[in-house]
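The values are calculated or read from the model by the stated rules, or taken from the named source; none is laboratory data. Being a predicted model, the structure only gives us computed values, none of them experimental. Positions of Cβ are backbone-derived with ideal geometry, glycine not excepted, and every protein chain shown enters the neighbour counts. Surface areas here come from the heavy atoms of the whole protein model, side chains and all, with no ligands, DNA or RNA. Shrake-Rupley method; radii C 1.70, N 1.55, O 1.52, S 1.80 Å.
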Amino acid sequence: MGRVSLAHGSGGIETSHLLERLILNRLPDWMKRLGDGLGLDYPDDSAAIPIPGGYIVATIDAYTVSPIFFPGGDLGKLSAAGTINDLLMLGGRPAAVLDAIVVEEGMDMDDLSRIVESMISILRMEGVCLVGGDIKVMPSGQLDGILVTTAGVGYASKLIVDKNIRPGDKIIVTGPIGEHGAAILAAQQGIKSDEFKSDVSPLTRLMLPLIEKYADHIHAARDPTRGGVAMALNDWSKSSDTMIVVYESELPVREPVVNLCEMMGVDPLSLASEGTALLAVSPEKAGEVLEQIHGLGYNEARIIGEARSRTSSVGLVVLKTLIGGARILEPPSGEIVPRIC
Amino acid sequence: MAQKGDLRYLTKRLFRDEILASQIVNIVRGYWELLRSKGVEEVKIMNFCGTHEYTTTHYGIRSILPPGVNLVAGPGCPVCITPSFYVEAAVKLALEGVTLYTYGDAYRLPAVREVGGCRSLSEARMMGADVRVVYSFLDAVRDAAKHGKPSVFLAVGFETTCPAYASAIANNLVPENLTLIVAGRLTPPAARFSVERVGTVSGVIAPGHVSTITGAGVWRFLPEEYGIPTVVSGFEPLDVMIAISLILRQIMDGEPRLQIEYSRTVTMEGNRRAKELLARVFDVVDAAWRGIGFIEKSGYALKESVSQYDAFSRYGMREPNRSEWSHDLLPGCICGQVIIGAAKPTDCRLFMKRCTPGTPYGPCMVSAEGSCSIWARMGGRGVVEEVL
Amino acid sequence: MCLGVYGKVLRVDGELAVVDFGGGLTKDVLVGVEDVREEDYVVVHAGVIVSRLSEKDFTAVFDFIEEAAKHLAQSKSEAATYLAQIRSRLEENLSTSK
Ligand code: SF4
């Protein structure tokens, strides 16, 4: 069967294949989902359990990052914001979080408390309770520093489910892409510059008003974390019977990020964002939604493409390039490492 | 941000301009029509540089060229052509506790044979080996000097990359604990090898950054001995498209010659200092290319005078010689043919069946710049064209 | 193969130089060419300056295109309009950089 590789956890194709083999194939259909909710039969940002008048939405994620403290945030902030965002992306209102912290023996106590403090301060700011948790210590050498797992719970009256994307829908991105991934890459490669700062932040102030007002017109929402925009759009195309067309000239990427990517030979479309959302919005309302997003302070939000009816048998994302050519935008695979060629 | 005369900014503005691009396409089409009216059915333009291939794919250049103008990739990916032996040696050392440095490209490169259950450095890292991916040799030099542990750099690359090793060695920057597995290769011998075997190359886009070091002059043999129009080109999309138009023009005029499109940084003579450094530190030897075999005078090896930097002698290993060396390809994989442009990926029975970008089998599928991986991603050409 | 990035030299110190790749992105690199000076524009590959960029030759390549358009104009009438468009586009781009 081979061995588990880092690529299996990178959020790209390898991760989906591993999940398929490891978990999905072992589950009978009834186990994958509760009632007419949402579960593993349709992997979205969160799961949904039907209750009278709506749904309970729930999500769980394990967070590691190297370095643990990075420009713009740290592991604690990442784990709180990430879980809140997953709930929001399904149309949920985040209510409570549970955490499990596994820490390596010998870790600096100050670092540990900084991480926990930063997790709690995000939850406090967003009015989300921390209702349970666990902490374990592993012998030194058996874990690289610290691992934080957070589970989140919330309510939704209507779900935003990715498979509802329809031909004609406009794809909106709410801010410059690849900011988190670029900050991590720069930190790992020893590049010191004030230009790189993770965008990690909860998207509550953006998403709650949108959900309230446009629940019927936002057909899909996703925070493009691991695997970046490229992964998210490929998932959308596959699950929705559409083909997605993206205009390279419309993509908001900050110049320092472009430069870093060119230097390191990586594609900004495959770098993670942790405080930016992708939305698929019905064409009639797209302009209005975009205006509202700008009004909420996300000034760089843009329409970057659209869904079209599919002519091929499989889901595809096609990128219209700067010079007027076109190429298929592949879901990223493998770890993100600098290359020389 | 924009500043008068800022060449970094100007490059992005000018050499990625959509309107200029469409006019260059018109010019390419114009020449192509003229050629067709003279009875030419196909032109096959070969590049010898993975970065040209990257530009071609990344900007979708194939999708806007006339159907008879075919761009094929030659052996221009240092990763695809690095013999399995070096990867195996690096994995072995890493598993024995040596700190191993390399670039991201070589980090993923699979060996043909497993060593200690690992096929690549990335797998060795999962098994707990200390493998560090760096952006440059200098970063490794500094890191190794800091920790002082036994360290090895897997030194792949062509003429552009190898001066980094030469310069650090010649200037005594390399700490005592760091040695190199030198797998550097020279491109002109491989280009000669490919055009001789393919036979039908109508034009060559020669590697721009290699030529900054070697000088464009090293490509003179292509027009002079083989009658192949040759253009040394830059790496922006418009550079590649202009190079294509220049090649078509040469074909039309029936006067194959060597032209430098990338004149903003390439000269006929090249980089004298880098060439001196290379000559001071390396001998040029017959060397193995994965899937291809030995090519005369196509590899770098450390000179006797700097042999203290050689990882093989430090760790009691040696390179296989010609008779011990095998072609390094897995059964069924025809990368050797694909690499020199003699076969198309679709000619391989494993293409998109056993061998896909997600589950690569042969080396050409591993690197993002391997031809098979590129073809796999360009597979939906029909779909792509609908969008244009 | 060889990814090369354009940068501007900020400082030279013997075998080492600090290069700015735009937007405050700087990195220490090895100097691989003769007489690199501050303010020079250079091509950096895998942490080494492999060559200098020539300001003078920067747009020389578009002469090829103008020439081609002229050449084609003799056999194809639209080519003359390409020529005009190419020229105006070039001028526009060069002036926006000022
Ligand atoms: S498709 Fe795979 S197996 Fe076939 S030649 Fe290409 S890399 Fe080798």
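Which numbered condition trips up A:VAL137, out of (1) open to solvent by 30 Å² or more (accessible area, probe 1.4 Å); (2) of a type in the set (Val, Ile, Thr); (3) in contact with a Ser or Thr (Cβ under 6 Å, 6 or more places away or on another chain)?
Only one criterion is unmet by A:VAL137, namely (3).
Out of (1) over 27 Å from B:ILE205 (Cα atoms); (2) away from the ligand (no atom under 11 Å from the Cβ); (3) of a type in the set (Gly, Ala, Ser), what's the single condition that is false for B:GLY332?
(2)
Out of all the residues in the stretch B:220-240, which are touching a Phe, Trp or Tyr at 6+ places or on another chain (Cβ under 9 Å) and either in a helix (DSSP H, G or I) or open to solvent by 10 Å² or more (accessible area, probe 1.4 Å) (or both)?
B:PHE235, B:GLU236, B:PRO237, B:LEU238, B:ASP239, B:VAL240
Do we have any residue at all in the stretch B:369-384 that's more than 16 Å from the ligand (Cβ to nearest atom), at pLDDT 80 or above and assigned to a loop (DSSP other than H, G, I, E, B)?
No, there is no match, as no residue in the stretch B:369-384 is more than 16 Å from the ligand (Cβ to nearest atom), at pLDDT 80 or above and assigned to a loop (DSSP other than H, G, I, E, B).
Out of the stretch A:166-185, which residues are surrounded by fewer than 24 Cβ atoms within 10 Å (Cβ to Cβ) and either more than 20 Å from A:GLY227 (Cβ to Cβ) or facing chain C (nearest Cβ under 10 Å) (or both)?
Matches in the stretch A:166-185: A:ARG166, A:PRO167, A:GLY168, A:LYS170.
Quick check on the stretch A:134-146. Is at least one of its residues within 23 Å of the chain's Cα centre (by Cα) and within 29 Å of A:PRO209 (Cα to Cα)?
No, the conditions are met nowhere in the stretch A:134-146.
Report the residue count in the stretch B:234-256 for those that are within 26 Å of C:VAL43 (Cα to Cα) and not hydroxyl-bearing (Ser, Thr, Tyr).
Result for the stretch B:234-256: 13.
Just name the residue that is nearest to the chain's Cα centre (by Cα) out of those in the stretch B:14-68 that are part of a loop (DSSP other than H, G, I, E, B) and among the charged types (D, E, K, R).
So, considering only residues that are part of a loop (DSSP other than H, G, I, E, B) and among the charged types (D, E, K, R), the one nearest to the chain's Cα centre (by Cα) is B:ARG16.
When A:ASP241 is evaluated against the numbered criteria (1) open to solvent by 40 Å² or more (accessible area, probe 1.4 Å); (2) under 29 Å from B:GLY370 (Cα atoms), which criterion, by number, is the only one it fails?
Against the list (1) open to solvent by 40 Å² or more (accessible area, probe 1.4 Å); (2) under 29 Å from B:GLY370 (Cα atoms), A:ASP241 comes up short only on (2).
Looking at A:LEU278 and the list (1) at pLDDT below 95; (2) buried (at least 21 other Cβ atoms within 10 Å of the Cβ), which single condition is not satisfied?
Every listed condition holds for A:LEU278 apart from (1).
Determine whether B:ASP347 is out of contact with any helix residue (DSSP H, G or I) (no Cβ under 7 Å at 6 or more places or on another chain), assigned by TED's automatic domain parsing to the domain that holds B:SER37 and free of Cβ contacts under 8 Å to residues at least 24 places away in the same chain.
no
Quick check on my filter: what residues within the stretch B:348-361 are open to solvent by 60 Å² or more (accessible area, probe 1.4 Å) and more than 8 Å from the ligand (Cβ to nearest atom)?
Once the filter is applied, which keeps residues that are open to solvent by 60 Å² or more (accessible area, probe 1.4 Å) and more than 8 Å from the ligand (Cβ to nearest atom), the stretch B:348-361 yields B:LYS353, B:THR359.
Could you please give the count of residues in the stretch B:105-164 that are out of contact with any Pro (no Cβ under 8 Å at 6 or more places or on another chain) and among the aromatic types (Phe, Trp, Tyr)?
Result for the stretch B:105-164: 3.
Are any of the residues in the stretch A:85-95 of a type in the set (A, V, I, L, M), part of a strand (DSSP E or B), in contact with a strand residue (DSSP E or B) (Cβ under 8 Å, 6 or more places away or on another chain) and open to solvent by 40 Å² or more (accessible area, probe 1.4 Å)?
No - not one qualifying residue is present in the stretch A:85-95.
Say we look at the stretch B:1-34 and pick out the residues that are in contact with an Asp or Glu (Cβ under 9 Å, 6 or more places away or on another chain) and more than 7 Å from every other protein chain (Cβ to nearest Cβ); which of these is surrounded by the most Cβ atoms within 10 Å (Cβ to Cβ)?
Restricting to residues being in contact with an Asp or Glu (Cβ under 9 Å, 6 or more places away or on another chain) and more than 7 Å from every other protein chain (Cβ to nearest Cβ), the top hit is B:PHE15.
Given the criteria open to solvent by less than 10 Å² (accessible area, probe 1.4 Å), assigned by TED's automatic domain parsing to the domain that holds B:MET252 and outside any helix (DSSP H, G or I), does B:ILE213 qualify?
no
Being closer than 29 Å to A:ASP199 by Cα, out of contact with any Ser or Thr (no Cβ under 8 Å at 6 or more places or on another chain) and assigned to a strand (DSSP E or B) is the requirement here; does A:ALA58 meet it?
no
Output the residues belonging to the stretch A:287-318 that are of a type in the set (Asp, Glu) and under 18 Å from A:GLY228 (Cα atoms).
A:GLU300, A:GLU306
Only strands (runs of 3 or more DSSP E) wholly contained in the stretch B:110-188 count here; list those with 1 or more residues that are basic (Lys, Arg) and in contact (Cβ under 8 Å) with a residue 12 or more places away in the chain.
Hits in the stretch B:110-188: B:131-133.
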